[in-house]
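Visitor: This is the structure, below, for whatever I ask next.
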Amino acid sequence: MAELILNGYLINRLDYQTFDEVLTFLGEDNKKYVCLSLGSRKIESKNSRNLFYGCKTEFQLFESRTEGKMSKFKKSVLLEEPVFEYEADRRLIVLNDVISNINNLSFNTYEFYTNKLRIIKDNSLDTDSFILIILKEFCDAIGITLDVNRCTRCGSHILKTVSFKHLGMLCNICTKELFVKPFEVRFNKLIYLLFNNKFDEIHHYYDLFPYAIKNLKQFVFDTAGIKLTSLNEY
């Protein structure tokens, strides 16, 4: 195993056996590294004191060159002061979940992560607004989307409702022929604005954000098979 030193962020940690963990880091090189951390769950562990979400960190690990064999974590050095409140911040929990499920090599995951982390630190978006927008952008990153500018069945621009099953909007005729139960008008407008990236206008439908998040979470699972466990409360 070759020693590797990189800067980045901790995005996931899973308990493994009694005192060990499996850690996932997102590096500045836009790659994710999964490694076994021995003893970091022990109270006296020095490594456990330097593992924080949302805190830029230097990670040292022994990278495995064998397929199927996990890298081994050596130590971490904090490059900025940790903010303990981030550990329970719903926005960061969802961000880490989303990043853990992006495997598109052409997507700049690190830039996306740092931009979203800046929003969290600036507190420029509330929780539901942040989650709704990041879900839409997550759909883009994994290659699924909703066509909201025409009927996905016949191409008509006279639209009736969004259908997650049919990957976008349907006209009145196709809605009836496909026996689709239409969503209410305001919800359709919200999805239309969201998938046209008109994020500055979606606040008019703020009361529908939790319902939209619930539907998009299910859309991601049904279409891409990805279960975002950080959104279980929606």
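Visitor: In the full protein assembly as shown, how much of ARG118 is accessible to a 1.4 Å probe, in Å² to the nearest 10?
Guide: Counting only protein heavy atoms, the figure is 120 Å².
Visitor: What whole-number value in cubic angstrom gives the convex hull volume per residue for the C-alpha atoms of segment 1-137?
Guide: Spread over its residues, the Cα hull of segment 1-137 gives 115 Å³ apiece.
Visitor: Give the average over all directions of the projected area of the C-alpha convex hull of the chain, one decimal, in nm².
Guide: 14.6 nm²
Visitor: Give me the lysines in straight-line cross-link reach of LYS42: C-alpha distance below 20 Å, same-chain residues under 8 apart excluded.
Guide: The qualifying lysines are LYS72, LYS74, LYS75.
Visitor: Counting only protein heavy atoms and using a 1.4 Å probe, what share of the accessible area of segment 43-84 belongs to carbon plus sulfur, as a whole percent?
Guide: Percent of accessible area from carbon and sulfur atoms in segment 43-84: 50.
Visitor: Calculated FRET efficiency, LYS198 and PHE62, Cβ-Cβ r, R0 45 Å, to nearest 0.05?
Guide: Efficiency computed from Cβ-Cβ geometry: 0.45.
Visitor: Which pairs break 23 Å Cα to Cα here: LYS32/LYS56; LYS56/LYS121; LYS69/LYS217?
Guide: With Cα atoms farther than 23 Å apart: LYS69/LYS217.
Visitor: Next question, about the same structure. If you roll a 1.4 angstrom probe over the protein chains with everything in place, what fraction of the accessible area of segment 122-231 belongs to carbon and sulfur, to the nearest %?
Guide: Details: 3020 of 5700 Å².
Of all accessible area on segment 122-231, carbon and sulfur atoms account for 53 percent.
Visitor: Can you give the FRET efficiency for CYS154 and LYS121, using 1/(1 + (r/R0)^6), R0 = 45 Å, r = Cβ-Cβ distance, to the nearest 0.05?
Guide: Calculated value: 0.45.
Visitor: Could you check which residue among LEU193, LEU159, LEU105 shows the biggest mean-square fluctuation in a GNM of the chain with a 10 Å Cα cutoff?
Guide: Sorting by GNM fluctuation, first place goes to LEU105.
Visitor: So what's segment 148-234 giving for Cα Rg divided by 2.2 N^0.38 Å, two decimals?
Guide: That works out to 1.10 for segment 148-234.
Visitor: So, one more: For LYS74 and GLU87, compute 0.36 nm times the residue count separating them, minus their Cα-Cα distance, and round to one decimal in nm. Intermediate values should be presented prior to the final figure.
Guide: Values: separation 13, 0.36 × 13 = 4.68 nm, distance 2.23 nm.
Roughly 2.4 nm would be gained on extension.
The values are calculated or read from the model by the stated rules, or taken from the named source; none is laboratory data. Because the structure is a prediction, the values reported are computed rather than measured. All Cβ positions, glycine included, derive from the backbone under ideal geometry; neighbour counts span all protein chains shown. Note: areas computed on protein heavy atoms with side chains; ligands, DNA, RNA excluded. Shrake-Rupley method; radii C 1.70, N 1.55, O 1.52, S 1.80 Å.
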